[in-house]
Every structure is written in C-alpha cells, then in structure tokens.
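*Asks:* Have a look at this one before I ask anything.
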Amino acid sequence: MRAAAPFNPACRRCDRLAVFLDEVSRAHPDYFAAPIPSFGDPTASLLVVGLAPGLHGANRTGRPFTGDHAGLLLYASLFEAGFSNQPNGADSEDGLTLQNCRITNAVRCLPPANKPLPDEVRCCNAYLLYELINQPAPRVVLALGQIAHQAVLHAFQLRLKDYPFSHGAKYALPSGQHLVDSYHCSRYNTQTRRLTPEMFARVIREASALLTDVAAFMP
C-alpha cells in the first residue's frame, strides 16, 4: 500500500497550485485560500470524497462544499439521510455538524479552472489514503465523480479496469470497505439533469444501507 500522510495545512507540494493560491489570496484577502481540511465526524463510517475546492466555495470558507452550488444538493441529501443536523451549509460558522459522516476531497487545494492535473491528484493521494485507513477507517466511501473514484482506487493500488466508474456503482474492496459511485453534484451536472436530486438521494440511501448491512462491515 502507498504511504499515507496526515493532512498538512501548510502543504505547498504542487507548485502550480501553490502559485495559484497565492494569486487568489492577493485578489481575495478575506478568503481562506489554503489547503482545505476534511470536515465532519473523525470516527465516521461514511467518507464522502469530492474533487477539489471551488474558488468561491470551500476556497473562500475553508470547509468542503460550503458556499458553492455543489454543496446545496450534498448537504440537503445528507440531512435527509440523517447524516447532518441541518440541510444547508453556506458558511463555516453556520452550526452545521455531521453525524457518522466525513467529507474530504481528492485534491485539497483550489485548481485553476477547477481542473487539477493528474500529477496533482497523485501528489495529494497520501492525504486521501490517510482518511481511508486511519482508524477507525470508514466502512463506506462515496466517490463524487470519476476523478474522486480513481483517486480512491489509486490510494489502494487497485486497477481502474477492475472497478469502472458509473453512477450508482457499488464495489466491495479488498480492504473490506465498500466504494459507491455518484456523478458529482456540480452545478453543470444538476442543471443539465445528468444528476437529479432523486438520483443523488438514491445513492446516499444505498451508501447508508451498506453501513447497516452486517456483511458490509470490516472485521
């Protein structure tokens, strides 16, 4: 297995991302504009893996999926499934808490045009692996989008061809954990109806059901 590393809030390992964050910080001095820490229950059984912070969302607020369009559907769906105390998360000081759920990203720093390079995804993978294996490890991993899906497989050194991405796909991993896939809850996907609230709610329910399935539990 690849080496895992606890999150470093001062990480500047990716030159392109570090330079871009400096530029954003100068343009928006009140923004968080730094690597984004994970959010939620540190002992959670469900780990949600997104892509990367949004410019005016997590990069501004310092909390994953907070203050951007993607967070609207994510937090409403988590609340409906019983994973949070409220259905919205617009600000890091809004009192939102997660129960048995934790949220992270495949890439912790804001990428230009919201598109991280493959090397940047790989560079950040040690932080994701730490989230995946740090005890107590999550039993179910919900990957939002293909890049998050591939980042999880890369962390476990699994072959992509053995676990193809598709919305609603569910895989039992060699670690004993389960991987569930969803289209990313981005503005583009929701506005084009590639991902509807009903589709997303169904995936959240399936992930939740795995948590209560004794056969899905790790030894």
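*Asks:* One residue is enough: does the range 105-118 have a residue meeting the conditions among the charged types (D, E, K, R), more than 16 Å from the chain's Cα centre (by Cα) and over 30 Å from Asp213 (Cβ atoms)?
*Replies:* no
*Asks:* For the range 73-95, give me each residue that is crowded, with 19+ Cβ neighbours inside 10 Å and without any contact (Cβ under 8 Å) to a residue 24 or more places away in the chain.
*Replies:* Hits for the range 73-95 are Tyr75, Ser84.
*Asks:* Follow-up. Mind checking which pairs have a first residue in the range 37-57 that is surrounded by 19 or more Cβ atoms within 10 Å (Cβ to Cβ) and a second that is acidic (Asp, Glu) and modelled with pLDDT under 95, Cβ under 8 Å, 6 or more apart or different chains?
*Replies:* Gly54/Asp68; Gly57/Asp68
*Asks:* Which of the residues belonging to the range 15-34 are in a loop (DSSP other than H, G, I, E, B), out of contact with any Leu (no Cβ under 8 Å at 6 or more places or on another chain) and under 19 Å from Asn105 (Cβ atoms)?
*Replies:* Matches in the range 15-34: Tyr31, Phe32.
*Asks:* Would you please name the residue that is farthest from Val203 (Cα to Cα), looking only at residues in the range 126-146 that are of a type outside the set (Phe, Trp, Tyr), crowded, with 17+ Cβ neighbours inside 10 Å and out of contact with any strand residue (DSSP E or B) (no Cβ under 9 Å at 6 or more places or on another chain)?
*Replies:* Top of the filtered list is Ala126.
*Asks:* Taking the residues in the range 188-206 that are charged (D, E, K, R) and outside any helix (DSSP H, G or I) as candidates, determine which candidate is surrounded by the most Cβ atoms within 10 Å (Cβ to Cβ).
*Replies:* This residue is Arg194.
*Asks:* With the checklist (1) surrounded by 22 or more Cβ atoms within 10 Å (Cβ to Cβ); (2) within 21 Å of Leu55 (Cβ to Cβ) in hand, flag the one item Cys123 doesn't pass.
*Replies:* With (1) surrounded by 22 or more Cβ atoms within 10 Å (Cβ to Cβ); (2) within 21 Å of Leu55 (Cβ to Cβ) applied to Cys123, the lone miss is (1).
*Asks:* So which residues in the range 174-198 are hydrophobic (A, V, I, L, M, F, W, C) and either closer than 17 Å to Ile103 by Cα or over 18 Å from the mean Cα position of the chain (by Cα) (or both)?
*Replies:* Leu179, Val180, Cys185
*Asks:* Which of the residues that make up the range 162-193 are farther than 22 Å from Pro136 by Cα, in contact with a helix residue (DSSP H, G or I) (Cβ under 8 Å, 6 or more places away or on another chain) and of a type in the set (Lys, Arg)?
*Replies:* Of everything in the range 162-193, just one residue is farther than 22 Å from Pro136 by Cα, in contact with a helix residue (DSSP H, G or I) (Cβ under 8 Å, 6 or more places away or on another chain) and of a type in the set (Lys, Arg), namely Arg187.
*Asks:* Would you confirm whether or not the range 48-59 contains a residue that is at negative phi, at pLDDT below 95 and in contact with an Asp or Glu (Cβ under 8 Å, 6 or more places away or on another chain)?
*Replies:* Scanning the range 48-59 turns up no residue that is at negative phi, at pLDDT below 95 and in contact with an Asp or Glu (Cβ under 8 Å, 6 or more places away or on another chain).
*Asks:* Specify which of the listed residues (Thr196, Thr190) is β-branched (Val, Ile, Thr) and either in contact (Cβ under 8 Å) with a residue 60 or more places away in the chain or within 20 Å of Pro64 (Cβ to Cβ) (or both).
*Replies:* After ruling out the rest, the residue left standing is Thr190.
*Asks:* Determine whether Arg60 is buried (at least 19 other Cβ atoms within 10 Å of the Cβ) and over 16 Å from the mean Cα position of the chain (by Cα).
*Replies:* yes
*Asks:* Only one of these conditions is not met by Pro138: (1) part of a loop (DSSP other than H, G, I, E, B); (2) in contact (Cβ under 8 Å) with a residue 40 or more places away in the chain; (3) more than 18 Å from Ile103 (Cα to Cα). Which number is it?
*Replies:* For Pro138, the exception is condition (3).
*Asks:* In contact with a strand residue (DSSP E or B) (Cβ under 6 Å, 6 or more places away or on another chain), of a type in the set (A, V, I, L, M) and modelled with pLDDT of 95 or more: is that true of Ala81 in this structure?
*Replies:* No, not satisfied.
*Asks:* Looking at the range 149-184 only, could you name the residues that are farther than 26 Å from Asp119 by Cβ and in contact with a Leu (Cβ under 6 Å, 6 or more places away or on another chain)?
*Replies:* Scanning the range 149-184 gives His178, Val180.
The values are calculated or read from the model by the stated rules, or taken from the named source; none is laboratory data. Predicted model only: the values in this text are computed from it and were never measured. Cβ: placed from backbone, ideal geometry, glycine included. Neighbour counts: every protein chain shown.
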